[in-house]
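A.B. asks: Structure provided below as structure tokens; questions to follow.
No value in this document is a laboratory result; all are computed from the given coordinates. Everything numeric in this text was worked out from a predicted model, so none of it was measured. Because the Cβ atoms are built from the backbone with ideal geometry, glycine has one as well, and the counts that use them run over all protein chains shown.
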Amino acid sequence: MRAVARVDLDALRRNLEVVRGAVGDGVGICPVIKADAYGHGMWLCGSALAEAGVDRFCVATADEAVAAREISSEIPVVVLGALTGPELEVAIGSGAELPVWEEGFVDRVERLAERASGPIKLHLKYDSGMGRLGCRDPERILRMADRIAASDDLELEAVWTHFATADDRSDPFLDEQLEAFLGVVEAVRTEHPETLAHAANSAAVFREASTHLDLVRPGVALYGMDPFGRDPSDLGLEPVLSLVSWVGSLRTLEKGDSVGYGRSWTASGPTEVATVPIGYGDGYRRGLSGKAPVLVGGRRLPVAGTISMDNVAVDLGPPGEAEVDIGDEVVLIGGEGEERILAEDLARLLDTINYEVTCGLSARVPREAAGSR
Ligand SMILES: *Cc1c(COP(=O)(O)O)cnc(C)c1O
């Protein structure tokens with residue numbers, strides 16, 4: 001194996017408890033396991049979360065709904081994303097609860113309802129300001145709620161919304177969105193008192209208790225990444241994923257010798273260099289060339305030169321100093337000894353967010369359970 005993503009399921013379960021502690025009893029937790037659980041492995045993470053006990057699984061697509069259903073036949077699955085025609089049939093076939101915000105779509109779901117084993121549960125989405133998906137007009141939301149509730153084939157399960165700036169504590173837009181949403185929730189519940197309400201992603205869970213409502217939809221926090229892009233340990237969260245490879249080859253270079261494509265790195269004196277078989281083909285991004293640290297034998301060492309598709313070189317320093325052998329472990333994300341590299345650290349180097357670092361790991365990297373199963 002060239003490289004592996006180790007997924008610490010104990011850390012995942014502890015992060016779930018951190019979220020539970022933040023929302024308290026009586027609020028349902030619906031882990032978001034879309035995009036292969038943010039690159040952590042949907043099956044591994046979903047199975048551990050199902051066992052620990054969660055209310056529902058949230059996914060983005062119809063295929064993900066099918067995959068989530070295979071993890072557990074008991075935990076309901078909610079689709080959050082827009083569904084095109086063929087996807088809608090797949091999603092209904094999977095028994096998932098569906099998002100709606102347009103009358104025409106509600107009609108289509110109803111026409112396909114005979115393919116479901118019972119009434120199809122719908123989550124009616126209000127666009128309180130994200131400006132992406134959902135219906136922005138409260139009056140229309142109310143009319144759709146009535147229409148859904150009146151159908152024998154449909155059930156009005158929830159009304160929901162999504163925040164645009166929950167991760168920026170100084171931005172008051174969350175309060176505006178929440179206020180608008182709470183107005184819609186109250187109006188819907190006047191006629192349909194059993195309707196659930198949900199809004200909170202990870203950032204909202206930790207930022208603002210009044211967003212918790214009936215259900216929360218945490219994703220990134222469960223994987224031990226910080227929704228505010230800082231150090232996850234500030235919130236008591238532990239990184240779940242470690243990205244590990246091995247020293248595949250060692251060489252001693254002389255002053256002036258170069259490494260890799262474009263010769264962007266040259267030895268300034270006698271230097272030992274390790275070649276590690278992981279690259280941008282694995283999702284270890286080329287933008288980290290010449291910037292990222294890696295851990296070898298508990299020491300923090302720099303990547304040397306350009307990251308290629310299948311390999312990255314590591315500058316071990318003067319010959320003999322690092323005491324590294326072929327086959328030694330190289331940590332690209334994760335901890336070793338006193339040192340650690342967070343997804344947040346790589347995100348900063350790449351001018352992106354932690355989410356994209358783990359989502360970007362490719363299918364070539366096997367996900368392996370660490371921690372007790
Ligand atoms: C992805 C997603 C979430 C989870 O967001 P995190 O920031 O990862 O907690 C919640 N709700 C919706 C609608 C999403 O698309």
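A.B. asks: Can you tell me what the convex hull of the Cα atoms of the chain projects to on average, as an area in nm²? Write down the numbers at each step before the final one.
C.D. replies: Details: hull surface 78.3 nm².
Hull-based average projected area comes out at 19.6 nm².
A.B. asks: Right, next: Enter the Cα centre distance for the pair the stretch 215-235 and the stretch 101-161, rounded to the nearest angstrom.
C.D. replies: 30
A.B. asks: Turning to a different aspect of this structure: Put a dot 7 Å past each Cα toward the Cβ at residue 176 and residue 338; how far apart are the dots in nm?
C.D. replies: Spacing of the two 7 Å Cα→Cβ label points: 4.8 nm.
A.B. asks: Name the residue, out of 241, 250, 124, whose mean-square fluctuation peaks in a Gaussian network model built on the chain with Cα pairs under 10 Å.
C.D. replies: Among 241, 250, 124, the largest GNM mean-square fluctuation belongs to 250.
A.B. asks: In the stretch 240-344, which GluC sites (Glu not before Pro) fall in coil by DSSP and have 12 or fewer other Cβ atoms within 10 Å? Can you show the working numbers first?
C.D. replies: Values: sites: 254, 272, 321, 323, 329, 336, 338, 339, 344; in loops: 254, 321, 323, 338.
Passing both the DSSP loop test and the Cβ count: 254, 321, 323, 338.
A.B. asks: Let me ask you something else. With only Lys, Arg, Asp and Glu charged, each at its Cβ (+1 for the first two, -1 for the last two), find how big the charge dipole of the chain is about the Cα centre; round to the nearest 20 debye.
C.D. replies: Rounded to the nearest 20 debye, it is 840 debye.
A.B. asks: Note down the net charge around residue 22, summing +1 for each Lys or Arg and -1 for each Asp or Glu among other residues with Cβ under 14 Å from its Cβ.
C.D. replies: Numbers: positive: 14, 20, 207, 217; negative: 17, 25, 208, 226, 234.
Around residue 22, the charge tally is -1.
A.B. asks: Using +1 at the Cβ of each Lys and Arg and -1 at the Cβ of each Asp and Glu in the chain, identify which of 261, 334, 221 lies farthest towards the dipole's positive end.
C.D. replies: Value computed over the given set: 261.
A.B. asks: For residue 73 and residue 231, compute 0.36 nm times the residue count separating them, minus their Cα-Cα distance, and round to one decimal in nm.
C.D. replies: In short, 53.3 nm is gained.
A.B. asks: For labels at residue 103 and residue 51 in the simple 7 Å Cα→Cβ model, what's the distance in nm?
C.D. replies: 5.0
A.B. asks: Apply the Kirkwood formula to the stretch 9-225: the hydrodynamic radius equals the inverse of the mean of 1/r over all pairs of different alpha-carbon atoms; give it in Å with one decimal.
C.D. replies: 17.3
A.B. asks: For a Förster distance of 51 Å, can you work out the FRET efficiency between the beta-carbons of residue 194 and residue 257, rounded to the nearest 0.05?
C.D. replies: Values: r = 72 Å, r/R0 = 1.40.
Efficiency, rounded to the nearest 0.05: 0.10.
A.B. asks: Then there is this: Using the Cα centre as the reference, give the magnitude of the dipole from point charges on the C-beta atoms of the stretch 1-139 (Lys, Arg: +1; Asp, Glu: -1; all else neutral), rounded to the nearest 20 debye.
C.D. replies: 420
A.B. asks: Between 309, 225, 42, which gets the highest mean-square fluctuation from a Gaussian network model of the chain, Cα cutoff 10 Å?
C.D. replies: Evaluated over the chain, the most mobile residue of the options is 309.
A.B. asks: Further question: Which residue, 145, 75, 163, has the largest displacement toward the positive end of the dipole of the stretch 63-184 when charges sit on each Cβ (Lys, Arg +1; Asp, Glu -1)?
C.D. replies: 145
A.B. asks: Which of the listed residues, 283, 239, 317, is farthest toward the dipole's positive end in the stretch 235-336, when Lys, Arg count +1 and Asp, Glu count -1 at the beta-carbon?
C.D. replies: Checking the options against the dipole of the stretch 235-336, the answer is 283.
A.B. asks: Could you work out which residue, out of 31, 193, 119, moves most in a Gaussian network model of the chain, that is, has the largest mean-square fluctuation with Cα springs under 10 Å?
C.D. replies: Among 31, 193, 119, the largest GNM mean-square fluctuation belongs to 193.
A.B. asks: Can you give the percent of C-alpha pairs in the stretch 241-341 whose distance is more than 24 Å?
C.D. replies: Looking at the stretch 241-341, the distances longer than 24 Å represent 13 percent of pairs.
A.B. asks: Find, among the trypsin sites (Lys or Arg not before Pro) in the stretch 217-304, those assigned to loop by DSSP (not H, G, I, E, B) with at most 11 other beta-carbon atoms within 10 angstrom. Display every interim value, and only then the final one.
C.D. replies: Working: sites: 230, 251, 255, 263, 285, 286, 291, 299, 300; in loops: 230, 255, 285, 291.
Within the stretch 217-304, the qualifying trypsin sites (Lys or Arg not before Pro) (loop, at most 11 other Cβ atoms within 10 Å) are 255.
A.B. asks: At 222 nm, what helix-only mean residue ellipticity would the chain give, in deg cm²/dmol to the nearest 500, using -39500 (n - 2.57) for each DSSP H run of four or more?
C.D. replies: Result for the chain: -9000 deg cm²/dmol, rounded to the nearest 500.
A.B. asks: Which whole-number percentage describes the relative contact order of the chain, with Cα contacts under 8 Å and a sequence gap of 6 or more? Each step should come with its number before you reach the end.
C.D. replies: On the way: 832 pairs, mean separation 68.9, N = 373.
The normalised contact order for the chain reaches 18 percent.
A.B. asks: Find, among the GluC sites (Glu not before Pro) in the stretch 94-153, those assigned to loop by DSSP (not H, G, I, E, B) with at most 16 other beta-carbon atoms within 10 angstrom.
C.D. replies: Listed in order of number, the matching sites are 102.
A.B. asks: To continue, here is another question. Stretched out fully, how many nm does the piece from residue 300 to residue 147 gain, at 0.36 nm a residue minus the Cα gap?
C.D. replies: Fully extending the segment from residue 300 to residue 147 adds 49.0 nm.
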